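Colleague: Dropping the structure in here first, questions after.
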Amino acid sequence: MGVTVILVLVAALVGPFFIDWTVYRSTFESYAERALGHKVTVLGEADLRLLPAPSISFSDVRVGGAEDPLLVVSRFDMRIELPSLLKGEIRVLDMELDRPHLALSLDEAGRLDWLTAMTSNGAIAKLAPDDLTFENVTIRDGALTIVDARSGDINRIDNGNLVVSARSLAGPFRAAGSLTLNGAPYTVSLATGRAQEDAGLRVKGDVTPTNRPVSFAFDGQLQVADAAPEFDGRFTIASVALEENDPNMWQAEGQFTADIAEVAVPEFEFRYGPEDRRLSMTGNADLVYAGDKRFEIRARSKQVDLDRLLGGGPQSPVDINEAAKRLIAALRVVPLPSIDGAVSMDVPALVAGGGIIQNVRLDLETMLGGWRVARLAGRLPGRTTVATQGDLGLEPSLTYRGAVSISSDQPASLLSWWRKKETGVGTIDPVSLEGRLNLVPEGAALDNLRLTIAGSEARGGLSYRIPRSGNSEFSLSLEADRLDLDQIENMAALLHPQAGGAGEPEDPKGLDVSIRLRAKQVVARGVEGEGLALEAEYSDGGVRIDRLFADDLAGARLDVSGDIRNLFSAPEGAVSGTLDARDLSGLVALAGGLFPETMFAERLERAAASLVPAKFDAELKAAAAGEATDMTLRLDGSAGGADTAINAELKGRVDQWHDAEIAVGVELKGPDGGRLLQQLGFDVIPVEAAGNGHLTLNVAGIPAKGLTTRLATEIGGSKVEADGTLTLKKDEAPEYLISVNAETSDLGPLALMAGRVLPIMSGRLPAALSVDLEGVGSSLAVSRAEGSLGATSFEGRLEGDLEPAPGERNRRFSGEMTVSEADLRTMTELVLGPDQWFSAGDGSSMWPTTPFGSPLLDGLDLTLQLKADRMLLDEGTAIANPSAELRVSPSLFRLDGLQGAFAGGQLDGSLSIRRTEAEAAASGRVKLDNADLRQVSWRPDNRAVASGTLDLYLEFEGAGRSISAIVTGLNGGGTFSMENGDFRGLNPQAFPLVTRAVDAGLDLQDDKIRDVFVSHMAAGSLPFKRVDGTLTMVGGRLSARNVVVDAEKAEIFGSAEVDLANYDLDADFSLKVDPGEDAVTGAEPQVGLLFEGPVEAPERRIDIAPFTAYLTLRAFEREVERVEKLQAEILERDRLVRELKNQREGEARRKREAARAAEEELLQLEQGPSEDGSQPQADPDKQENSALPPKTNDAPRRETRAAPPPVPTPAPAPAPFAERIRAVLDSPDLEDLTAAPDTAPATNPSNGLPPLDPPVSIEDLLTRDVGAPLVLPGAQ
């Protein structure tokens, strides 16, 4: 059995190699036809293998008719898994199709012939879906052709290289690879779900063109109904980022349904740009690709913000012209559709250029090479309505031809929005414009122009053309009954054609202009005229004026004609004209329009008012001779009462005038010198005292080698003469070397004409100046400058630039200046305005309250090393030999490093004043060393009240709109000290002298004390070693607090305050001396020194009250001392009386005791002792006294003991001085203190002691006891 199996396997493995399977092609064809349901023909070879896996190969296989097959496969290879095959399942491991070509067609009903041409459903359709699996199907170089019988179109897919797999006949299926559709390469990826009987097959795919950065994705259900496919799902079309953070990414997504006839997109959303500034639009679309192919796209957006999308948002909106260029560039990138269609867009609000364009509606239709603009309309800022329709060509170049209409109620607002800045023009009347616009790369034209402006209508046209060779050409033709040149000029900025017509930045080298204007009435710069006719051309450097005539141009009659060729090289021809004007405003307007922002136009505008009435006859002739010309200009006439004669000649070439011979002569002569300056374009104010004026100017020579220049001017009593040379080399800055001498008898009128008011207090101000000037271009050097201004002489040098530095408004100059006398007040008026220090106040302050005026220096920033013999601070105060760095500009006055001598000392300081519009801020510093006090102190009777040296340091700052406001707002501080001096009129010996006078009987009354004290104080002085103080300045008040004077004979302390608003002093000092032995408790010898009034001469008051109080207390204490001495004498007398009394009582007591003892002894001797030894009988005397209380041993001891001396009562503590005085004042008379009472007390004191004897005076005691011995206490 095993051998049989082996033989079978060997036969299966080896046998196929010996079998010619090609002869069995018909068998394979029949099996394939039953499987596919279509006829199958194998024209090539066939091969079959069974092991190791069943495989089959065919070449040149055709499905369908052999002559017109549905499918042609060059080679077909398939390998099947054997185990699955043995189980009745087909698992295709590999299938390869080389160059398969599937040809399908759609009939008139849109059905696929693959489905309609099937002979049967095929055996494959009868298999269970899961019994057939394709793991890997490879298609190489496949092709698909679809022929649409409805339209005859043929769509072809070539170069198909795909890998396909299927888990079953019902799916899911996968396919991925690349192909070419109608010549465009794509990569595709498809994935499906499992087919459902009712729901069809879900298909998800991605299609990406390899030649465009875009991808297409779809996801939906595919069904077949009546042999025709249908699809319903979602789609996403998005751009592919070519770089990181690409801002131009976009995406469109929505629902769609598709069948064999059309694609319907009922809803889509389009998004463009990054997330933070995204553009969103919604809409719907239809695409019909059967029959009459056509597409329609309808989109709408609530708002499109181009400022965010293309610009920097509201803070930096996009430029309108730039936005238009970018939108057109984006439109040119979009490929033109190959079928007809239409696009409509509706945007209620479009933000661009910082404004809003409302109700934007765009309707486009396809046309050959571009788009037809069926409608483009919107409402622009300025209540402007714009509408156009025409043809926009994109290929081969950008063109536009169509009708345009613009109607604006506020053209100025429209122009401001368009130019992204204020127009600076006046009010523009409502404007409407209609015409046919033709834009081509070579230029632009607006034909059939109908312009309605300022209520008048003008007709004509304008064009701008750039030929392939030659100059660009601009022409304007207008004819109107009334022509408002102001309005046309204002609108010209809006209607000015861009170079190139289509936005190209190239600008032609030259411009040929042709103008034809006719108007019965004309308005120029608000001035009306009549009868204007202008026919002129400018071409190739030549001007031909056929006619320039104005019958009445705002009071001027003008008639000019002529023709000059080669105007900028070697002119030849002649132009002549006449002018008779009573008003030049019309001509000024024309000059300003023809030569805007030029010095000629500006000076003519300033001088126009002073030039009328004017009558001139002018002629320009030029005769060419080879490469040169001989050109002369003559102008004769009068203007504003001044005779004018100008003659000029040029021999050479105009474009090489630096090397030509030039001669210019100008003479102006008139009765009003100020008016003459106005006619030259100087901005001066008419002054009656200006006087006659005469000016002559002669220039001759070759500019490159040097022009000899002489100027002589005389106006009234002022003369200016200038002589020098002026060199003008090509492409180099002008060089000049000029000497100028000027003098005037009074500078005031000239300054007034220049708009500068000199200080009124200066009076008549003669001046003289002599300078040597040299410079190159705007650089100027004054190598020598000397002169005088009034009584002040000066000399110095200066250098700088006549043009401000970049970013600055002022011209900078620096140098050195030495003057005989400088007034600081006048110097500060350069920035504060004229007459500031000499104007009146309002009573609230001594300082001027006039608001600051205009600075006297305009457009100049001057820095000088300043030296002077003296610098005045006010009428009586000056700094000797000052030096400083002075900087002055219209907004700054600053003195740095100020040094000089003041009051015999050295002064250092600085001062700065900075103007900010109407306000000024001042700050400064003052340092004074070793100044002589005698020069700065008060000098009553022409004698200084103080001597010594003074050191001072002070800083201050303040701000205000007037000098008074600055002074009253000053803040700051500092210190001061005085050394080794004395104060006259402060005699410290006045205190003891007045004290002795009081002791001698001077009444203690303030007035009398003050008179005596003042007379003594004025008779001497107080030397001091040092005085120190701190200065504080707050709100315009300068205070010196805690001032201490270091003096040996007296002490001075106190404070002072100066109100700078009125310059008033309020000081309070105390003068005190050491009383020595005259000191009293609670008072000191001192007086108050009070100063009030103006600082220069304050009133001094002496407050004598403290000194009077001291003298009063001193007198009281002396009286108290006298009373206390008297009281001490009285107490001493009382003590002696008590001692004498005690002696007398003790002596009497001793006598009684001695007598009693003698009696007792005698009695005992007389009785003697009894015989029976009984006691002796009591003494009768003793018995008689037995009733008395027994005597104790203490009694005789008490009686016999001498009375102790009286213990003195401790003296009471000293009472306060006031109480002591009050006690003395309230005590009885002194005589009563020594008087004895008439009677003794009636009863004994309550303590049982015997009453004291009445007091006895010493006189009484001596009187009664004369001759009796005095026994002192304690004697035996």
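Readers should treat all values here as calculations from the given coordinates under stated rules, not as data from a laboratory. Predicted, not measured: the structure shown is a model, and the values here were computed from it. Positions of Cβ are backbone-derived with ideal geometry, glycine not excepted, and every protein chain shown enters the neighbour counts.
Colleague: Taking only the C-alpha atoms, wrap a convex hull around segment 647-739 and report its volume per residue in Å³ as a whole number.
Modeller: So the per-residue Cα hull volume is 102 Å³.
Colleague: While we're on this one: Counting only residues 5 or more places away or on other chains, whose amide H sits under 5 Å from the amide H of Gly354 once H atoms are built in the peptide plane?
Modeller: Those qualifying (amide H under 5 Å, at least 5 residues apart or on another chain) are Val318.
Colleague: Another one. How big is the Kirkwood radius of segment 970-1114, worked out from every pair of different alpha carbons and given in Å to one decimal? Don't jump to the answer; show the numbers that get you there.
Modeller: Working: mean 1/r = 0.0615 Å⁻¹.
After inverting the pairwise mean of 1/r, the radius is 16.3 Å.
Colleague: Then there is this: Does segment 835-923 come out rounded, prolate or oblate, given a ≥ b ≥ c as the square roots of the eigenvalues of its C-alpha gyration tensor, rounded meaning a/c under 1.5 and, failing that, prolate meaning a/b above b/c?
Modeller: Values: a/c = 2.29, a/b = 1.25, b/c = 1.84.
Oblate, since a/c reaches 1.5 and b/c is not below a/b.
Colleague: Determine, for Lys927, Lys730, the number of other Cβ atoms within 10 Å of each Cβ, and report the residues in order from fewest to most.
Modeller: Lys730, Lys927
Colleague: On to the next question. In the structure displayed, which of Lys719/Lys867; Lys621/Lys729; Lys651/Lys705 lie more than 18 Å apart, Cα to Cα?
Modeller: Details: Lys719/Lys867 29 Å; Lys621/Lys729 26 Å; Lys651/Lys705 15 Å.
Beyond 18 Å: Lys719/Lys867; Lys621/Lys729.
Colleague: Which loop-located trypsin sites (Lys or Arg not before Pro) does segment 210-319 contain, where loop means any DSSP state but H, G, I, E or B and the Cβ has at most 11 other Cβ atoms within 10 Å?
Modeller: Passing both the DSSP loop test and the Cβ count: Lys302.
Colleague: Please report Ser889, Ser416 as a ranked list, fewest other C-beta atoms within 10 angstrom at the top and most at the bottom. Kindly include the intermediate steps, with their values, before the conclusion.
Modeller: Details: Ser889 24, Ser416 20.
Arranged by neighbour count, lowest to highest, Ser889, Ser416 become Ser416, Ser889.
Colleague: Could you line up Val522, Val147 from fewest to most neighbouring Cβ atoms inside 10 Å?
Modeller: Numbers: Val522 26, Val147 16.
In increasing order of surrounding Cβ atoms, one gets Val147, Val522.
Colleague: Show the residues, 5+ positions off or on another chain, whose built amide H is closer than 5 Å to the amide H of Thr949.
Modeller: Leu933, Glu979
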